[in-house]
Amino acid sequence: ALLGGKYRLVRPIGQGGMGEVYEAEHVGIGRRVAVKFLLPELIGNAETLARFQQEARLAATISDEHVVDILDNGADELRGPYFVMEMLDGENLESLMRREGKLAVQRARTILGQVLRALRAAHRRGIVHRDLKPANVFLVKRSRGRDHVKVLDFGISKSIDPSGAAVRLTRTGFVTGTPVYMSPEQASGRKSIDARSDLYSAGVLLFEMLTAQVPFDGDSYNEVIFKVVSESPPPARSLRAEVPPALERVLEVALAKDPAERFATADAFLEVLEGTAPSAPPTGPPAPDPSAR
C-alpha cells in the first residue's frame, strides 16, 4: 500500500522522542523523501499531537535554505499522522563531533554562521526553536566537502500570534528542551522566551564545537539546570588555547545569563561572528518581530 496514494516506504532511518522517520519514494516522480510519523504510543496524547502538527506547519512557513523543507502532510489509517520532508544525505553535528572531537576554528565558525541564518529566518517569522542542539543541526553532503547546514525539529517551537502573544502548547513553567543547551530563562521555566534564548543555545553549540565540551554538565537533569541558571561558563581558551580572543568574547556575549546582555538578534550575532561588526556588539531587547505587527 502507498502512503497517501503516492509514497512507498523504503526503510526506517531514525527515531526521536516524538517521532520515527522513514526513507520513502514518491512513486509518481521517483523522488526520495523522508516521512516522519508520530510514535504510535503518542497518538492519543493531545498535547504531543499538537506539537507534531505544529512542527510541520512552522517549518513549512520558514522557507529558508538552512531549514529542512516540508513537502506534504497527511494521516494514514494504520500509522496515523505524518509529514513529508526533503531527504537529506549526510550526518548531524552530534555524530560529527562524536567522531572528530574539536572542530577547526573556521569550520565551527562556518557551521554556526549557517545555523544563525536559519534562526534569523525563523525569528523573522515569529518562531523560536527552543530545542537547538547538535542532533538538530544536519550537515548535508555537498561537492568539495563543504558543510551545508539544515536545522531540523521544530517540535517544541514557540510561535507568536499576530497580537504578539506567545502560542504555548505546554503548561506555564513546564521546562521543555535539552538541558545542556537551554538558556537560563528557559531552564528556569520563565513564561517569556524570545529569540535570544535560541541565540544562547547557538553559543553553546559554538562552545562545544571549539572545545568538545558543553559549558555546563552534570550527573542529573537538576544539576545541569542549576548550573545553567546560576554558574558562569569556563573560558573557552582555558580548554583550547588556540581559540582566538575575539571569538572567546563572542561566546561571553552569547552565553550571558541576562538576555539583555546577549546579542539582540541573529543578525547581530552573525555580524560579529564574521568579523564585520564594531567591537561593541549590539545587545538589548530583540528587534520588533515583523510577524507580530
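The values are calculated or read from the model by the stated rules, or taken from the named source; none is laboratory data. It should be emphasised that the depicted structure is a prediction, and the values quoted were computed from it without experimental measurement. Backbone-built Cβ (ideal geometry, glycine too); neighbour counts: all protein chains shown. To get the accessible areas, we keep the full protein, side chains included, count just its heavy atoms, and leave off ligands, DNA and RNA. Shrake-Rupley method; radii C 1.70, N 1.55, O 1.52, S 1.80 Å.
Of the accessible area of segment 79-118, computed with a 1.4 Å probe over protein heavy atoms only, carbon and sulfur atoms account for 42 percent. Computed over neighbours whose Cβ is under 15 Å from that of GLY17, the net charge equals -3, Lys and Arg +1, Asp and Glu -1. By the rule of a C-alpha distance below 18 Å, with chain neighbours fewer than 8 residues away ignored, the lysines paired with LYS257 are LYS191, LYS227. Computed extension length for GLU274-SER188: 27.8 nm, one decimal, from 0.36 nm per residue of separation with the Cα-Cα distance subtracted.
Annotation note: GluC sites (Glu not before Pro) in segment 213-254 located in DSSP loop regions with a Cβ neighbour count of at most 12 within 10 Å are GLU231, GLU242.
Of ASP153, ASP219, ASP89, the residue with the largest accessible area leads and the full order is ASP219, ASP89, ASP153 (1.4 Å probe).
The label-point distance for GLU100 and SER220, in a model that sets each label 7 Å from Cα toward Cβ, rounds to 3.7 nm.
Extension gain, ARG107 to LEU39: 0.36 nm times the residue separation minus the Cα-Cα distance gives 20.9 nm.
The gain in end-to-end length when the ARG11 to SER238 segment is fully stretched comes to 77.2 nm, 0.36 nm per residue minus the alpha carbon separation. Given R₀ = 35 Å, FRET efficiency for ARG146-GLU23 by Cβ-Cβ distance, to 0.05? The calculated FRET efficiency here is 0.90. The relative contact order of the chain comes to 15 percent, based on Cα pairs under 8 Å that sit 6 or more residues apart.
Excluding ligands, DNA and RNA, the accessible surface per residue across the chain is 47 Å² with a 1.4 Å probe.
Of the complete DSSP H runs in the chain, those spanning 20 angstrom or more by Cα along the long axis with a mean Kyte-Doolittle score not below -0.5 are 46-62, 105-124, 195-211. Straight Cα distances below 21 angstrom link LYS150 to the lysines LYS36, LYS102, LYS133, LYS141, LYS158, with same-chain residues fewer than 8 positions distant left out. Helical runs assigned H by DSSP (4 residues or longer) give the chain a calculated mean residue ellipticity at 222 nm of -10000 deg cm²/dmol, each run adding -39500 (n - 2.57) before division by the residue total. Largest GNM mean-square fluctuation across ILE111, ILE29, ILE43, computed for the chain with C-alpha springs under 10 Å, falls on ILE29. A straight line joining the Cα centroids of segment 173-231 and segment 93-138 runs 15 Å.
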